[in-house]
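Notes for the one structure printed next.
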Amino acid sequence: MAMQLPVELEALVQKRLSSGAYANAEEVVRRALEVLEAEEAWSERERQALDIKIDLALEQVASGKIYGPEEARRKLAALRATHLANLD
């Protein structure tokens, strides 16, 4: 597949080539596509994980299993203390 790149994109490819990290333009494009694919896959996984966390939080609110900032600070302090104790 032959491609015509706009001047700005060609300059970016040339910049990558001049760094010495890539042997040719095909490697630059391949890496860019790999990064794009990983980013899109990561984003979908993160969205799904976030949806699960939101659903859980809404269930906790609906059932009254929530606490205020002071209790949250106490719980975090206890977790931190346990973690630090386990480091020894």
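No lab work stands behind these numbers, since they all come straight from the coordinates. Since the structure is predicted, the reported quantities are computational estimates derived from the model, not experimental observations. Using ideal geometry, Cβ is built from the backbone for each residue, glycine included, and neighbour counts are taken over all protein chains shown.
Details
- ALA62 of a type in the set (Gly, Ala, Ser), out of contact with any Asp or Glu (no Cβ under 8 Å at 6 or more places or on another chain) and surrounded by 10 or more Cβ atoms within 10 Å (Cβ to Cβ): no
- The condition of being in contact with a Phe, Trp or Tyr (Cβ under 9 Å, 6 or more places away or on another chain) and not hydroxyl-bearing (Ser, Thr, Tyr) holds for ARG16.
- Residues located in segment 17-34, provided they are of a type in the set (Ser, Thr, Tyr) and surrounded by fewer than 13 Cβ atoms within 10 Å (Cβ to Cβ): SER18, SER19
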